[in-house]
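Q: For reference, the structure I am asking about is given below.
None of the figures in this text is laboratory data; all of them are computed from the coordinates on show. Since we're looking at a predicted model, the values are computed, not measured. No Cβ is skipped: glycine too gets one built from the backbone with ideal geometry, and neighbour counts run over all protein chains shown.
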């Protein structure tokens with residue numbers, strides 16, 4: 001049994017000093033900011049969704065405990081590599097680069113070649129990357145999500161019905177890409193500024209959502225059908241942000257202020273919530289997972305509205321899995337709270353996906369491992 005690890009790796013990782021260069025109002029040492037600060041200049045966030053080689057190597061090491069691993073970088077040469085090596089299974093963690101369905105490209109190729117793989121199918125991946133379409137499906141199924149408007153061009157700006165405060169996001173991005181502190185807007189002028197920025201900087205429509213004022217959580221889920229498991233819920237604590245910042249997990253919060261060498265104390269897991277709220281969050285996430293037809297695993301972001309009711313922010317069927325605790329990656333954080341090591345998380349989801357595909361799980365030795373080797377393509 002050979003497992004192909006399919007990945008995208010960051011080819012440009014800006015040093016921390018260059019991330020904040022030219023952003024005059026961003027704090028170099030997390031000093032206070034005021035919410036009325038001017039919008040942040042957009043840093044080079046093009047590779048925000050891709051993994052570092054440290055993460056790729058950590059996943060490879062975990063997989064090598066149970067199977068031989070073939071490394072396949074997700075690019076224009078991938079099709080031929082799959083044909084040449086013909087792996088028995090693909091552990092897909094590739095995000096893609098081009099097009100609104102970029103996360104679906106590798107799974108579509110694997111479907112065409114009849115190679116079973118980890119994770120959701122191309123339709124679910126493409127749907128979840130289009131935040132407005134996903135919200136429409138959730139709305140049809142009466143799953144709560146914030147009211148929104150979609151603005152495809154400035155010609156549509158005047159017709160958009162928006163309640164303030166609101167938050168403006170790129171339609172087709174993840175990993176907080178394009179979501180800066182300035183994206184929370186409180187009047188038409190701020191809204192116009194942020195919409196124009198999204199349209200020009202990211203060349204895609206702007207999603208404008210009513211801003212939900214409550215607590216925010218992220219929920220890691222494993223499994224399929226009736227066996228879906230909800231891991232301990234993570235709460236995002238916005239009081240850990242610099243003073244005066246908007247209570248959102250922005251690009252600044254995720255990639256500038258929260259660093260592995262000086263992490264923010266921004267997450268609590270398990271979240272300190274009562275049983276009624278925990279049950280309500282788990283219920284809405286299970287329904288969302290089922291309705292959007294997620295497979296094997298996903299991370300779902302949830303925020304409470306003014307009535308304290310959980311609303312779905314977005315669904316991440318390709319969850320981030322940075323390996324080190326100081327990386328503050330939420331899915332591994334939830335897994336650790338559930339008693340799993342990082343390697344156990346990776347091999348557990350591998351078993352879940354292989355079982356879904358009708359493949360026998362890889363036999364384990366007495367120490368739970370199977371020695372193997374890997375090579376790159």
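Q: Sticking with the crude label model, points 7 Å out along Cα→Cβ, report the distance from residue 132 to residue 306 in nm, one decimal please.
A: Label-label distance for residue 132 and residue 306, simple model: 2.5 nm.
Q: Which distance in Å, rounded to a whole number, links the C-alpha centroids of segment 237-284 and segment 109-160?
A: If you average the Cα positions of each part, the centres end up 24 Å apart.
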